[in-house]
């Protein structure tokens, strides 16, 4: 009889554990994730949409957002090309030291971003290892180029990390078939390998870009944080908050939050479409 | 080199050897494939058959030997310049291209005009009966349809030879039988020389105009399915292509002798010397079981045997027996249902045995071939 009842409960009956566990999950996420995000929007809009718009269209705010996106764009382009190249070489060839290279490429994920920025300063700064030999006109620290360098450093392994496993698990006979049909290595790469990597490339690019746009720790050290010249969006938020201009900080924060949300949605929903056969 | 004749074979593999590190994978492989012929390379996994295919296609380089297509030496050419059509076991269709684009790939690489490509692709789509699926992606097709796309894709650029790498391995048994008949008739229709590799002896017998049996990197025998099945030249071929019983004995004044068993040998015994160890090889279906009183003289009688096990294998009955030779030898016998009904047997029964057809081969002491072992 009791066995019968428990069978009923699991197959047909109402199982209280299910809604309860989902509720607990949401309750835990609420103060940790959901409420902080919500407060950005609640506070940002509390002074009215006009005030929000004014804060957003302030020249320094616009400059900061632009600078973030442009530096992130170039860092993404570089790391995508590099990641693709590195993944292709490491997936195709076995050689002594291959694993060491994979570990080296992945190291930046483990390094605190402030350390990364500091390291760049020690290399390229005015008194740095190499920086001291640079002519004054080519000093790259405290310029937008420094921001790109910092972004490249902290996002170095991301595109590689997405592309490499796809290449490694790819059916080698596809490329061999292409060769027997008459394709050169380059034609095979272009017509067969690249299409198979489309999803990974888009995914790696979005990940790299999103991570770059939000970079703070390394940027604040290498950029000089000059408003209207080398101040990125995250630095702008920090600076305005310190100056007590919460609305100004909040407006840019909203843009960054929405941006991240959009990138994430693309990653989440477009993945199936990109990888569909 | 052999004397040159003008009528060169479609494919000729000469003295090809290959080692991976210390292990020799292929040793002195020689064979020809004529225009429109289907050759099946039959061997177990590790016999080197895949390596032969990869060497012919240029995906692997031989250590020694040459490969020629219609008399043209392609030994040193990379895969892309050889013009072979490889049908991979996984079909290796390009997943992001639809059926038409897959088929047209080789023509686009060769920079043919749009109209040329369109009409050739059309022709091939019809040839392999995929008219309704021409816009589909490979993932939307069944295994058999994918295979036809792979064949059409290879045929598009008119290769010198088609190479099939275990093409039915990924399919169900039922579909497999149907497909290999379809493919055989397709290949006969288009008359392109083809090489199949397989480990499935039934497939080899049904598909091939000729079969080359490979063992440990060597070709043991090449011949028509009938020749290879009826006249195996080695014990390996006999046991690999169909089941075979092997009795080991000695050559003794014109006869095979093993304990009580004496089988007189009529011809082709010149090569044996007195007392040489030889093998009596015969198929399970060539053994006849009769009660002692009606065993006819037309058979070469062996000795009495005791039934150890009777099992039913679909269309026929399979008996495992113990033969009373000097050392007790196992024997496998298969009988059709008609005979089973006339002469039922059960475990423990003792019957006289005889064989109607057999081969005599020299017995080389190879570790893999133990006396009386049934493979």
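The values are calculated or read from the model by the stated rules, or taken from the named source; none is laboratory data. Please read these numbers as outputs of a predicted model, since none were measured by experiment. Backbone-built Cβ (ideal geometry, glycine too); neighbour counts: all protein chains shown.
On inspection, residue B:35 fails the criterion of being more than 12 Å from chain A (Cβ to nearest Cβ), over 24 Å from the mean Cα position of the chain (by Cα) and on the phi < 0 side of the Ramachandran plot.
Looking at residue A:224, is it out of contact with any strand residue (DSSP E or B) (no Cβ under 6 Å at 6 or more places or on another chain), closer than 30 Å to residue A:123 by Cβ and modelled with pLDDT of 90 or more?
no
Just one of (1) more than 23 Å from residue B:159 (Cβ to Cβ); (2) in a strand (DSSP E or B) fails for residue B:211. It is (1).
So is residue B:105 crowded, with 22+ Cβ neighbours inside 10 Å and at the interface with chain A (Cβ under 8 Å from one of its Cβ atoms) or not?
Numbers: crowded, with 22+ Cβ neighbours inside 10 Å: yes; at the interface with chain A (Cβ under 8 Å from one of its Cβ atoms): yes.
Yes: the conditions hold for residue B:105.
Residues in segment B:205-235 that are surrounded by 24 or more Cβ atoms within 10 Å (Cβ to Cβ) and at pLDDT below 90: B:232, B:235.
Results for (1) part of a loop (DSSP other than H, G, I, E, B); (2) free of Cβ contacts under 8 Å to residues at least 24 places away in the same chain, shown as yes or no for each residue.
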residue	(1), (2)
B:26	no, no
B:36	yes, no
B:52	no, no
B:62	yes, no
B:75	yes, yes
B:80	no, yes
B:86	no, no
B:92	yes, no
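For residue A:215, the conditions (1) buried (at least 24 other Cβ atoms within 10 Å of the Cβ); (2) away from chain B (no Cβ under 14 Å); (3) part of a helix (DSSP H, G or I) all hold with the exception of (3).
All conditions in (1) surrounded by fewer than 24 Cβ atoms within 10 Å (Cβ to Cβ); (2) touching a strand residue (DSSP E or B) at 6+ places or on another chain (Cβ under 7 Å); (3) not in a strand (DSSP E or B) hold for residue B:167, with the sole exception of (1). Residues that are surrounded by fewer than 22 Cβ atoms within 10 Å (Cβ to Cβ) and under 16 Å from residue B:123 (Cβ atoms) within segment B:142-154 are absent altogether.
For every residue, the table says whether it meets (1) surrounded by fewer than 22 Cβ atoms within 10 Å (Cβ to Cβ); (2) more than 30 Å from residue B:92 (Cα to Cα); (3) assigned by TED's automatic domain parsing to the domain that holds residue B:322.
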site	(1), (2), (3)
B:161	no, no, no
B:178	yes, no, no
B:203	yes, no, no
B:237	no, yes, no
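When residue B:68 is tested against (1) in contact (Cβ under 8 Å) with a residue 60 or more places away in the chain; (2) within 11 Å of chain A (Cβ to nearest Cβ), exactly one condition is not met: (2). Please go through segment B:108-119 and pick out each residue that is surrounded by fewer than 18 Cβ atoms within 10 Å (Cβ to Cβ) and at the interface with another protein chain (Cβ under 8 Å from one of its Cβ atoms). Hit for segment B:108-119 is B:110, nothing else. When residue B:144 is tested against (1) touching a helix residue (DSSP H, G or I) at 6+ places or on another chain (Cβ under 7 Å); (2) in a loop (DSSP other than H, G, I, E, B); (3) more than 12 Å from chain A (Cβ to nearest Cβ), exactly one condition is not met: (2).
One residue stands out in segment B:82-99 among those that are surrounded by fewer than 21 Cβ atoms within 10 Å (Cβ to Cβ) and within 7 Å of chain A (Cβ to nearest Cβ): the one that is farthest from the chain's Cα centre (by Cα), namely B:96.
Of the residues in segment B:270-291, how many are assigned to a loop (DSSP other than H, G, I, E, B) and surrounded by fewer than 16 Cβ atoms within 10 Å (Cβ to Cβ)?
Final tally of qualifying residues: 7.
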